[in-house]
Ligand SMILES: Cc1cc2nc3c(=O)[nH]c(=O)nc-3n(C[C@H](O)[C@H](O)[C@H](O)COP(=O)(O)OP(=O)(O)OC[C@H]3O[C@@H](n4cnc5c(N)ncnc54)[C@H](O)[C@@H]3O)c2cc1C
């Protein structure tokens, strides 16, 4: 064991939007929470990865399907501007038909979101560790005692009753020995270019006129991560040399923009458009108007551990469900579920599911 740094009710590893939501949900329910992030900013892919579109919290037919923190953070993303909620979603008297014409989503400025995230996390009383990678879980039987951090002052143990893995690639769960599944990725990159039109978000590679790419890139080794960074920057260099037209690259992502790196197998993996008895959330399909998908509690927990939640884009969701659950509103929803669950019990086996569902209904995270 290394020196003990501190002990909290909940340690959340990963300060992406999933981790922020988990921390907020637990801290606002009176728990002592530490949020550990290896980068300099909160927000993960949404800020360091420059993914500046907060996808919809509606079903595309004009009905809002998730509230709670998913809605709060949508508004927070534009608190320091620019960006605007579509008019029908600002107007409390708008009809379902009017709302069906515009999805409840916003485009935000990552730097503004970073400033607002600092504020909301510190206001909630969360102990924040930035520039601090968690290097391994501290495992004892079916429980995690906490995580070991690579602090500036040396390795330190941060102990917890409940650990929430919000790393985006299930790194803590994987290192602890939970069964995991690897994901594959296309090559693409989002960055800001400066030119006559000012600063503009540009997207290259898959999904930007290039749909024919193989989805075969992995991100589970350091070499694969490095290669993704280098190849995506090559895309930008080629754009500048061939199509730049006076624009030049101004802000580059500081996180690899891999969509699906690794997820837990979970007690069970969520399927799209399914119903579950252990439903703890509902979410729409960001790609098209479609029936809502239910999020089962069993997709946020592992078979192996009794006090570990794995949330955000590394929860257990298979096939198309992973596509639906890896985006911003979904990861926030799963964070809120895990943070709330941690406030009810530090043992997943002893958690009262009906009580969790009631608390989530009270905050608007679980809409009927
Ligand atoms: C190219 C691309 C386009 C996308 N487009 C959209 C879009 O338009 N709209 C949308 O809503 N979503 C989009 N997404 C998806 C979405 O941005 C992310 O999946 C979502 O933000 C993930 O949130 P998260 O909190 O689960 O994980 P992440 O944002 O990955 O956060 C994980 C955090 O954990 C930290 N971390 C990891 N390991 C450790 C460790 N050991 N110790 C400490 N910290 C650690 C990381 O630094 C990171 O900050 C896109 C994704 C990609 C790649």
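Comparing Cα centroids, segment 11-58 and segment 155-178 end up 15 angstrom apart. Between residue 4 and residue 115, the contour length at 0.36 nm per residue exceeds the alpha carbon distance by 36.9 nm.
Once the C-beta distance of residue 153 and residue 226 is scaled by a Förster radius of 45 Å, the resulting FRET efficiency is 0.95 to the nearest 0.05. Taking every C-alpha pair closer than 8 Å and separated by at least 6 residues, the mean separation divided by the residue count of segment 186-251 gives a relative contact order of 44 percent. Spatially, segment 59-87 and segment 210-260 are offset by 29 Å when compared through their Cα centroids.
How much length is gained if the chain between residue 287 and residue 304 is pulled fully straight, taking 0.36 nm per residue apart and subtracting their Cα-Cα distance, in nm to one decimal? Residue separation times 0.36 nm, minus the Cα-Cα distance, leaves 2.8 nm.
When you restrict to C-alpha pairs under 8 Å that are six or more residues apart and normalise by the size of segment 30-112, the relative contact order lands at 39 percent. Note on residue 212 and residue 276: their simple-model spin labels are 3.9 nm apart, each label 7 Å out from Cα toward Cβ. Along its first, second and third principal axes, ordered by size, the chain spans 59, 52, 38 Å in Cα coordinates. A Gaussian network model of the chain, with springs between Cα atoms under 10 Å, assigns the largest mean-square fluctuation among 258, 42, 351 to 351. Normalising the average separation of contacting C-alpha pairs (under 8 angstrom, six or more residues apart) by the number of residues puts the relative contact order of segment 133-182 at 30 percent. If R0 equals 45 Å, the separation of the Cβ atoms of residue 363 and residue 241 corresponds to a calculated FRET efficiency of about 0.35. Cβ-to-Cβ counts within 10 Å put 165, 9 in ascending order as 9, 165, the fewest first. Suppose we look only past 18 Å in the calculated P(r) of segment 212-332. What percent of the Cα-Cα pairs does that tail hold? Summing the P(r) tail past 18 Å for segment 212-332 gives 61 percent. Of all DSSP bridge pairs formed entirely within the chain, close to 60 percent run antiparallel. For segment 271-305 versus segment 343-359, the spacing of their alpha-carbon centroids is 18 Å. Each of 38, 234 has some number of other Cβ atoms within 10 Å of its Cβ, and from fewest to most they run 234, 38.
Neighbour counts of C-beta atoms inside 10 Å place 208, 180, 151, 314 in the sequence 208, 151, 180, 314, starting with the fewest.
So what is the calculated 222 nm ellipticity per residue for the chain, using -39500 (n - 2.57) for each DSSP H run with n of 4 or more, over all residues, to the nearest 500 deg cm²/dmol?
-8500 deg cm²/dmol
Values quoted throughout were computed directly from the atomic coordinates according to the rules given, and no laboratory measurement underlies them. Just so we're clear, the structure is a prediction, and the values are computed from it rather than from any experiment. No Cβ is skipped: glycine too gets one built from the backbone with ideal geometry, and neighbour counts run over all protein chains shown.
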